[in-house]
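Visitor: Structure below; questions to follow.
Since every read-out is calculated from the coordinates, none of them should be taken as a lab result. What you are looking at is a predicted structure, and each value in this text was computed from that prediction instead of being measured. Counting neighbours? That spans all protein chains shown, and the Cβs are built from the backbone with ideal geometry, glycine included.
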Amino acid sequence: MWCPPDKGRWGALGLGLLCAWFIRLCGWEPFLAIALAAAVHELGHYLALRIQGAAVTGLRLSPWGVVMDCRRERLSYGGEALALLAGPAANLLGCAALCCLPSPPEALIGAGLVLGGFNLLPLRKLDGGEALCCVLSFCLGPERGEGIAGTVSRLTAVHGAGACLFVMLRSGGNLILLPALLLFLGECLIRKPDQTL
Amino acid sequence: MAGNKQGRRVAPASARTGNRRGQTGRKAGMTPGERRHMAQLLLSGGFFVLLVVVKLLFPAKMAQWSGSISDAMERNMDVAAVFSSVGRAFRGESSVSDSLQEVWQEVFHPGESPAVAVLGGAGREGQDGGESFRRSLVTGDLYSWMAVSAAAETAAGGEDPSGEAVPAAFYASEDLPDGVQMEQAVLGFAYASPLPGAAVSSSFGYREHPVQGEESFHYGVDLAADSGTPVTCFADGSVTAVGESNSYGKYLIVAHEGGYATLYAHCSAVTVSSGSAVEKGQEVAKVGETGIATGPHLHFELHDGSTYLNPIYYVVSAG
């Protein structure tokens, strides 16, 4: 999960509410599965950054998860994209490793895949969106790259918000998707198009 | 992951201590932060007052909204089942299409029997108003008694009786949830009870849920048996789904000819795989108490397309 460094003021409170909401609606077991998957995800980011020699300056809580602060001066666009994609890759590798167990925990495998897959959405708050921005910036230059990544992000957010609303209205419930809807709406309505890394 | 922001700005001491307002006594001295906090306070207070006023003026409407919100909060996908479906697809234990069907079932038909959605039911979402119907338990018991007696007189296996269907006298049709048929259907194929000789521990119809405590419709019959007792297939057919969910535990669905299907839930193990052909009387699972169950039993459902049939006519043995 990526988050602008100056947005973490209410992070702990927001994350606490998100966890409480999830536990209330889904129970402890799925929550623990997601928490473990999130730990593996962040470990992937951490290892990728350390391998590239980038200093990790701390962990912060954001309303959508844990945020890893780092110094990016030593990272190229490619290196940053790799560090961003290392989280979902760690989830994938973790799931593959769990499959080797005699009786694999299917729910844990699914949680890792869902978390990794969600983070690959091309949304600027998520790893996928930031990695796309790095790749586009490398190919087209920072200005055009960020512009296109921002547009893709907003389009993704509009479709994501629509999908969440559709599911909630169609099923008459599934309020578990409410935080995701807020994330998408926030990206649609609040984020400035020219916001930079 | 985020970049580190260098050189954080620190507010001046006067702004942090807020002594300007105290010294001057002017409202104009509020900092932007204080104004924002004041606006937040007023907004929150206003919302609270509005809720209290609405509750006092429109108590019935408020109770209705509260009920709707509670219903919506209870009608959630089984996240653990969704994760398990994804995990099974990743391991190659089930096909991607099967997993997508399971996920679709969990998302759009939460808490429902998987069989109806998987087999292309027209969808029962919203029906019954989230179990809004209230019925006396006594009536349900009377019906169960009548249905068991009637079933005992018809057949417990073998060929389908070609006689007239037994009417359900104690449930008026408007009292039933959509997609439920109490009358006996003529199946048109040979069948056998999945647990011959087992006692019915819970009948088809309204009942007080043994775990949740609320009155709700029970869409199948529960047949009590010891854990590990072999569950045999109701009739010839093919296994269309093998899965696991929080509520149903380990289950399988078998499609039969004529658009009928049977569901076997709370199993300790499923002994056949998805897609395999099965015959009447063949072992397909073992009795267990997986999912939401208070003891070992088989939850057995019979479906005609998207319609739930009362299985009692086909599973109870005479005498």
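Visitor: For B:GLY220, enumerate residues with amide H under 5 Å from its amide H, sequence gap 5+ or separate chain, H modeled in the peptide plane.
Guide: HN-HN under 5 Å from B:GLY220: B:GLY205.
Visitor: Determine the shielding of peptide A:173-182 by partner chains: average, over its residues, the number of Cβ atoms on other chains within 10 angstrom of each Cβ.
Guide: On the way: counts 13, 9, 6, 6, 3, 0, 0, 0, 0, 0.
Mean shielding by partner chains, rounded to a whole number: 4.
Visitor: Let me ask something additional. So what are the ³J(HN,Hα) numbers for the range A:173-181, from phi and the Karplus equation (6.51, -1.76, 1.60; θ = phi - 60°), rounded to whole Hz, Gly and Pro as x?
Guide: Coupling constants for the range A:173-181: x, 6, 5, 4, 7, 4, x, 5, 4 Hz.
Visitor: Please give the average number of partner chain Cβ atoms lying within 10 Å of the Cβ of each residue in A:112-121, rounded to a whole number.
Guide: Values: counts 4, 5, 5, 1, 0, 1, 0, 0, 0, 0.
Partner-chain Cβ atoms within 10 Å, mean over residues of A:112-121: 2.
Visitor: Work from the charge dipole of the range A:122-191 (Cβ charges, +1 for Lys and Arg, -1 for Asp and Glu, about the Cα centre) and give the residue of A:ASN174, A:THR151, A:LEU185 farthest towards its positive end.
Guide: The one lying farthest along the dipole's positive direction is A:ASN174.
Visitor: Highest mean first, what order results for A:125-137, A:10-22, B:40-52 on Cβ atoms within 10 Å?
Guide: Numbers: A:125-137: 24.2, A:10-22: 14.8, B:40-52: 10.1.
The packing order, highest mean first, is A:125-137, A:10-22, B:40-52.
Visitor: Something else: What ranking, highest mean first, results for peptides B:239-248, B:57-66 when packing means the other Cβ atoms within 10 Å averaged over each residue?
Guide: Output ranking for B:239-248, B:57-66: B:239-248, B:57-66.
Visitor: Each residue of the range B:91-107 in order: what ³J(HN,Hα) in whole Hz does its phi give by Karplus 6.51 cos²θ - 1.76 cosθ + 1.60, θ = phi - 60°, with x for Gly and Pro?
Guide: Per-residue couplings from phi come out as 6, x, 6, 9, 6, 5, 5, 4, 5, 5, 5, 5, 5, 4, 4, 5, 7 Hz.
Visitor: Let me ask something additional. Extending each Cα 7 Å along its Cβ direction at B:GLU289 and A:LEU93, get the distance between those two points in nm, one decimal.
Guide: Modelled inter-label distance: 4.3 nm.
Visitor: Rounded to whole Hz and in sequence order, give me ³J(HN,Hα) for the range B:193-207 from the Karplus expression 6.51 cos²θ - 1.76 cosθ + 1.60, θ = phi - 60°, writing x for Gly and Pro.
Guide: 4, x, 9, x, x, 6, 7, 7, 9, 7, 9, 6, x, 6, 7
Visitor: Same structure again: Please give, to one decimal in nm, the separation of the simple spin-label points placed at A:ARG24 and A:PHE166, each 7 Å out from Cα toward the Cβ.
Guide: Taking the two extended label points, one gets 2.8 nm.
Visitor: Same structure, new question: Taking amide H positions as placed 1.01 Å from N in the peptide plane, with prolines and chain starts having none, which residues 5 or more places from B:VAL284, or on another chain, fall under 5 Å of its amide H?
Guide: Correct list: B:VAL231, B:THR232, B:CYS233.
Visitor: Tell me which residues come under 5 Å, amide H to amide H, from B:ASN76 once H is placed; ignore anything under 5 positions away on its chain.
Guide: Here A:ASN174 satisfy the definition.
Visitor: While we're looking at this one, here's another question. Counting only other chains, what is the mean number of Cβ atoms within 10 angstrom of the Cβ of each residue in peptide A:23-32?
Guide: Taking the mean over all residues of the peptide, I get 3.
Visitor: Can you tell me which of A:101-109, A:113-121 comes out highest on packing, and rank the rest after it, using the mean Cβ neighbours within 10 Å?
Guide: Numbers: A:101-109: 17.1, A:113-121: 20.8.
By packing density, highest mean first, the sequence is A:113-121, A:101-109.
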